[in-house]
Amino acid sequence: MRFYILILMAAFVVVSCSDEEGQTAREVHACVRAVWQNGSETTRYAASVTRALTTTDILADGTSDIIIDADDYPATINVVCSDGNSFVLTKGANQCSTHNSYWQYTPSAIYKDKDIQRDNLTFTATAAIDTGTGTGDLLTGTADKDCIKGNHLLLTLRHTQVLLRFAFKVVDKYDAIRLVKIKSMQLNGTPCTLVDNVLSTERQLIGYTYVNPEAATYTFRSTFDIYDKHGVTPEHLVKADVTARNTFSLGKPGSSIATLSAGNYYDLNVTLRPDSLGTLSDHDNGRLTIE
């Protein structure tokens with residue numbers, strides 16, 4: 001009788017261990033975040049408007065890190081595993097309820113936490129954002145067994161380019177009689193994303209673009225329409241398609257920004273300072289004194 005009892009007890013131990021292993025082998029879900037870091041210590045200027053594509057704007061941040069708006073997260077992320085398998089992460093409808101500032105993604109391939117731990121698997125991810133404006137930006141990131149929290153694989157994507165934000169203002173004397181509306185901006189011939197177009201004496205972030213972090217010389221070109229300020233409305237066009245062009249360097253000794261680092265954002269202050277009034281408007285008559 002004792003012999004059979006021992007056999008039954010041994011069988012019970014085997015079954016219990018098997019059940020326990022099954023409970024720990026959980027399917028892993030992906031959670032993704034991407035952040036721009038503050039690259040310089042200069043004063044930041046918050047924008048008063050938002051981009052049409054997003055709920056919160058990439059320019060609305062003040063001095064802290066910029067967390068990509070939910071609408072801007074890539075719809076899909078390409079992933080290559082160290083086991084040679086390639087798959088896709090598809091953006092979910094919600095943020096991760098457990099890990100703040102991470103967005104839920106569904107993998108097209110199933111991995112379990114125990115297998116990732118046992119085989120020491122690593123995952124390399126790439127994705128593109130803002131491809132419809134300017135050059136866009138490429139995100140990259142890696143995750144391994146140390147990134148598993150619960151049954152979530154936490155993946156942080158890093159920006160491979162630099163985010164440049166442009167803060168514009170007009171000098172007081174010119175602003176008193178002229179309204180300036182910017183129509184376009186280009187950096188080295190590539191269109192920048194323009195968020196707002198009305199300039200004033202208050203410096204305001206109105207646009208941005210992505211650049212390679214390598215030190216370089218840039219040519220910035222902006223095009224304006226100029227209106228008089230005869231009353232509040234209507235606005236009277238004085239001159240169309242006025243172009244301003246400047247060449248400057250970044251990431252070099254003597255420049256306003258000594259170094260450029262991928263994944264950081266930097267603000268460039270632009271002041272519109274015309275040499276003269278330019279073309280007079282018919283509505284400037286009231287501003288002229290005849291003695």
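The values are calculated or read from the model by the stated rules, or taken from the named source; none is laboratory data. Since this is a predicted model, take the numbers as computed values, not measurements. Backbone-built Cβ (ideal geometry, glycine too); neighbour counts: all protein chains shown. Ligands, DNA and RNA are excluded from the accessible area calculation, which covers all protein heavy atoms including side chains. Shrake-Rupley method; radii C 1.70, N 1.55, O 1.52, S 1.80 Å.
At a glance:
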| read-out | value |
| --- | --- |
| Lys183/Phe248 FRET efficiency (R0 22 Å; Cβ-Cβ; nearest 0.05) | 0.55 |
| Computed label-point distance, nm, for sites Asp69 and Arg158 using a 7 Å Cα→Cβ extension | 2.7 |
| Charge sum, other residues only, whose C-beta stays under 12 Å from Ala70's C-beta, Lys/Arg counted +1 and Asp/Glu -1 | -1 |
| Long-range HN-HN contacts of Lys149 with modeled amide H, under 5 Å | Leu154 |
| Translational diffusion coefficient (Stokes-Einstein; Kirkwood radius from C-alpha pairs) of region 93-140 at 4 °C, 1.567 mPa s, in µm²/s | 94 |
| Accessible surface ranking that places the most exposed of Thr156, Thr76 first, with a 1.4 angstrom probe | Thr76, Thr156 |
| 12 Å beta-carbon shell around Leu179, net charge (K/R +1, D/E -1) | 0 |
| Extension gain from Thr90 to Asn269, taking 0.36 nm per residue of separation minus the Cα-Cα distance | 60.6 nm |
| P(r) tail fraction, region 91-206 - alpha-carbon pairs more than 20 Å apart, % | 61 |
| Net +/- balance of residues flanking Cys147 in space, Cβ distance below 13 Å, scoring K and R +1, D and E -1 | 0 |
| Nearest-0.05 FRET efficiency for Leu237 and Thr106, computed from C-beta distance (R0 41 Å) | 0.20 |
| Amide H partners (placed H, <5 Å) of His236, local residues excluded | Asp228, His230 |
| Whole-angstrom gap from region 169-186 to region 63-136, using each part's C-alpha centre | 42 |
| Relative contact order of region 113-193, pairs being alpha-carbon contacts under 8 Å that are 6 or more residues apart, as % | 25 |
| Integer Hz, Karplus 6.51/-1.76/1.60 couplings in order for region 139-151, x for Gly and Pro | 9, 9, x, 10, 9, 9, 4, 6, 8, 7, 10, x, 10 |
| Convex hull per residue volume in Å³, alpha carbons only, for region 123-274 | 154 |
| Accessible-area value, Val80, 1.4 Å probe, nucleic acids and ligands omitted, Å² | 80 |
| Accessible area of Ile66 in the full protein assembly, 1.4 Å probe (Å², nearest 10) | 10 |
